[in-house]
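Derivation of every value follows stated rules applied to the coordinates shown; laboratory data play no part. Remember, it's a predicted structure, so these values are computed and weren't measured experimentally. Virtual Cβ from ideal backbone geometry, glycine too; neighbours counted across all protein chains shown.
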Amino acid sequence: MNKKVKGILAVLDELYPFNFECFLDYEEPWQLLIATILSAQCTDERVNQVTKLLFKKYPALRDFAQADYAVLCEDIHSTGFYRMKAKHIKESAAILLSEHNAELPSSIEALTALPGVGRKTANVVRGHIFRIPSITVDTHVKRVSNKLGLTRHSDPVKIEFELMEILPESHWISYNQQIISHGRKVCIARRPQCQDCALVMFCKQNC
């Protein structure tokens with residue numbers, strides 16, 4: 001681990017002590033999978049508003065598998081791309097019931113085989129449910145990591161593997177949460193608070 005990476009992680013650990021807190025609300029493991037599918041192109045805040053009622057209406061995985069498609073579309077309408085999300089949720093729920101005994105698989109291959117589940121969603125599940133070190137590349141991780149010069153790629157999968165190369169495995173999950181927090185509170189996309197940023201010394205944009 002080079003000096004720059006060590007310095008960035010030290011600042012992040014001080015600013016955002018890691019406690020495995022998930023930004024999406026859930027009680028059952030499969031609920032996190034559904035919430036993460038809903039979070040595509042949608043804020044976590046909106047998803048949590050929707051799932052607060054959704055998980056009461058559909059308390060079991062089988063309820064999602066058997067849900068009326070049109071009704072489910074209406075239930076999740078405000079998260080955007082609701083038609084495709086409803087299709088993916090129903091299909092994934094059915095596969096979990098028929099092929100995995102209603103349990104979430106832990107492997108990246110089995111998770112990404114589920115409809116609507118890419119590496120980002122799979123890594124959220126692997127990190128928070130199974131505590132498997134994983135890099136989750138969302139818009140904040142992509143943008144802030146690029147500003148810090150930790151990646152030169154724009155493709156999320158390439159960024160994931162590049163970060164895995166330079167970050168110690170012990171920090172993979174915490175880095176996700178810390179950078180997302182920093183991207184929301186300080187390094188805001190349209191109005192970065194560079195004057196208040198403790199990472200400004202590492203920023204390649206020299207804010």
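Ranked by the mean number of other Cβ atoms within 10 Å per residue, highest first, peptides 80-87, 171-178 order as 171-178, 80-87. Taking 25 Å as the straight-line reach from the Cα of K52, the lysines in range (excluding those fewer than 8 positions away in the same chain) are K85, K87, K90, K120, K185. Computed from the Cβ-Cβ distance with R0 of 30 Å, the FRET efficiency linking N146 to N19 stands at 0.70.
From most to least packed by mean Cβ count within 10 Å, the peptides 19-27, 126-134, 189-197 give 126-134, 19-27, 189-197. Using the Cα coordinates of the chain, the gyration tensor eigenvalues translate into equivalent-ellipsoid semi-axes of 33, 18, 14 Å, sorted from longest to shortest. At what distance in angstrom do the alpha carbon centres of segment 1-71 and segment 131-170 lie from each other? One Cα centre to the other: 18 Å.
If you wrap the tightest convex hull around every Cα atom of segment 74-122 and split its volume per residue, you get 75 Å³.
Quick check: convex hull over the Cα atoms of segment 1-51, volume per residue in Å³, rounded to an integer? Write out the running numbers ahead of the final one.
Values: hull volume 6.3 nm³, N = 51.
In segment 1-51, the Cα hull volume divided by residue count equals 123 Å³.
Using C-alpha pairs under 8 Å with a sequence gap of at least 6, the mean separation divided by the residue count of segment 93-142 gives a relative contact order of 23 percent.
Semi-axes of the equivalent ellipsoid for segment 29-128, computed as √(5λ) from the eigenvalues of its C-alpha gyration tensor and ordered from largest down, come to 19, 16, 12 Å. Can you classify segment 144-194 as rounded, prolate or oblate using the Cα gyration tensor, where a ≥ b ≥ c are the square roots of its eigenvalues, rounded means a/c under 1.5, and otherwise it's prolate if a/b beats b/c and oblate if not? Oblate is the answer for segment 144-194, as a/c is 1.5 or above yet b/c matches or exceeds a/b.
In order along segment 72-77, phi translates into HN-Hα couplings of 5, 4, 5, 5, 10, 3 Hz, rounded to whole numbers, per the Karplus curve 6.51 cos²θ - 1.76 cosθ + 1.60 with θ = phi - 60° and x for Gly and Pro. With contacts taken as Cα pairs under 8 Å at a separation of at least 6 residues, the chain carries a relative contact order of 20 percent.
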